[in-house]
Amino acid sequence: MSDPMLPRWLVLLAGSMLLAELLRRIGLPASALLGPMICGIVAGVTGQGLRLPGPVFPLALGVVGCLIATSLPLSVLASIVDKGPVFFAGVVSIVLVSAAAGFVLARTGVLPGTTALWGSSPGAATPMTIMSASYGADMRLVAFMQYLRVIFVSGSAAAVTRFFATAPAAHGTLAPAEGSAGAIAGTLLTIVVSTALAQRVRIPAGVLMVPLVVGAVLQDTGLLTIALPGWVRVPAYTALGWGIGLRFTPAIVRHALRASPWVVLSTLLVIGASGAVAWLLVLCGETDPLSAWLSCSPGGEDTIAIIASTTPGVDMSFVMAMQTVRFVLVLFTGPGLARWLGRWLPSAADPGLLASPSKADAS
């Protein structure tokens with residue numbers, strides 16, 4: 001008997017390919033990610049019931065982890081430390097601005113409990129969404145906030161990149177070579193093993209971070225030359241786009257409708273504040289305007305990695321070092337910050353919003 005979901009998957013695949021090609025012809029970066037993401041949102045909101053098979057999304061994140069690893073040699077991390085307070089002030093500023101926006105949404109009762117605090121974190125969307133339910137937040141609304149931010153950040157980053165990206169490639173823009181068969185096989189083996197290890201030890205966001213760290217170490221020690229040809233990258237980008245878009249279920253949308261104007265405003269303000277931080281980095285002579293914007297974009301490290309890697313003139317090492325540091329900072333300080341700020345929030349909550357959020361609602 002044929003799979004009843006197969007026609008829906010084929011329609012989603014065809015639509016994703018057509019939209020990705022249209023976006024590519026327009027000249028938008030990361031079209032292979034944005035096209036499937038938009039089609040996935042349509043499929044999710046219209047209740048098509050599609051879900052990626054278990055290992056697909058983690059393996060796609062593993063591909064992006066190795067993609068990022070190619071731009072983060074140990075020498076780059078050392079140079080970032082040498083830049084001193086300007087770099088770290090930029091990272092911390094974005095985290096604090098996002099926390100302040102979430103606190104205002106929570107304090108004014110736009111969203112219940114600590115939901116806004118978790119939903120406003122500038123990065124680590126999937127782990128923050130999953131962890132939020134354990135701390136009493138509404139996981140459905142956290143998912144809505146997180147992935148709405150990812151969409152806005154993706155769109156704004158793509159638009160800004162389209163406007164500024166006129167220079168020839170520089171600063172070691174990431175474009176992984178097709179590589180030899182041995183290098184490709186070694187890279188794929190690294191992705192599979194490190195992703196499986198991350199899932200086994202259950203490190204938060206490990207399916208992205210473990211391949212990133214393992215890939216960087218193996219490459220820096222000369223044991224591996226990371227090779228990610230197009231036939232590996234494009235399916236991974238497609239899976240990531242679907243993995244994000246399909247999370248927008250009707251349940252999430254229904255619970256988010258009345259709060260959405262304020263969530264959108266908050267997201268735009270955070271993006272604007274991040275742009276101000278990027279402008280300060282340019283004034284301080286740390287990097288060029290396009291690299292500064294991408295490095296300060298609030299979250300969606302995997303999306304920014306794809307956009308930066310396909311855009312000429314971007315200082316990929318600077319962008320991904322700053323994105324990775326903020327990702328790690330959010331991952332390890334976000335829960336504690338949400339609990340601490342939650343002490344000053346009203347105890348009352350909307351019972352309709354907090355009623356039994358299920359994993360299916362945010363998956």
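The values are calculated or read from the model by the stated rules, or taken from the named source; none is laboratory data. Small disclaimer: the values here were computed from a predicted structure and weren't measured. No Cβ is skipped: glycine too gets one built from the backbone with ideal geometry, and neighbour counts run over all protein chains shown.
The table for this structure:
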item	result
Flag for ARG247 being in contact (Cβ under 8 Å) with a residue 12 or more places away in the chain, under 17 Å from the mean Cα position of the chain (by Cα) and not in a helix (DSSP H, G or I)	yes
Check on ALA273, within 16 Å of PHE87 (Cβ to Cβ), over 18 Å from the mean Cα position of the chain (by Cα) and part of a helix (DSSP H, G or I)	no
Residue count for the range 41-54, restricted to those that are free of Cβ contacts under 8 Å to residues at least 12 places away in the same chain and within 23 Å of PHE327 (Cβ to Cβ)	0
Any hit, the range 204-213, residues being farther than 30 Å from PRO335 by Cα and of a type outside the set (A, V, I, L, M, F, W, C)	no
Given (1) in contact with a Phe, Trp or Tyr (Cβ under 7 Å, 6 or more places away or on another chain); (2) surrounded by fewer than 23 Cβ atoms within 10 Å (Cβ to Cβ); (3) under 30 Å from GLY49 (Cα atoms), index of the condition ARG247 fails	(2)
Some residue of the range 184-201 being of a type outside the set (A, V, I, L, M, F, W, C) and modelled with pLDDT under 90	yes
Single residue of the range 1-20 satisfying the filter (of a type outside the set (A, V, I, L, M, F, W, C) and surrounded by 14 or more Cβ atoms within 10 Å (Cβ to Cβ)) that is farthest from PRO235 (Cα to Cα)	ARG8
Subset of the range 189-213 (residues that are surrounded by 15 or more Cβ atoms within 10 Å (Cβ to Cβ) and free of Cβ contacts under 8 Å to residues at least 60 places away in the same chain)	ALA196, LEU197, ILE203, GLY206
Long-range neighbours under 9 Å by Cβ, at least six apart or interchain, first residue farther than 13 Å from VAL92 by Cα and modelled with pLDDT under 85 within the range 315-341, second charged (D, E, K, R) and in a helix (DSSP H, G or I)	MET320/GLU301
Residue that is farthest from ARG233 (Cα to Cα), among those in the range 291-316 that are in a loop (DSSP other than H, G, I, E, B) and among the hydroxyl-bearing types (Ser, Thr, Tyr)	SER297
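The rows are residues; the columns are (1) modelled with pLDDT of 90 or more; (2) surrounded by 15 or more Cβ atoms within 10 Å (Cβ to Cβ).
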residue: ARG233; (1), (2): yes, yes
residue: ALA251; (1), (2): no, yes
residue: ARG258; (1), (2): no, no
residue: SER266; (1), (2): yes, yes
residue: ALA273; (1), (2): yes, yes
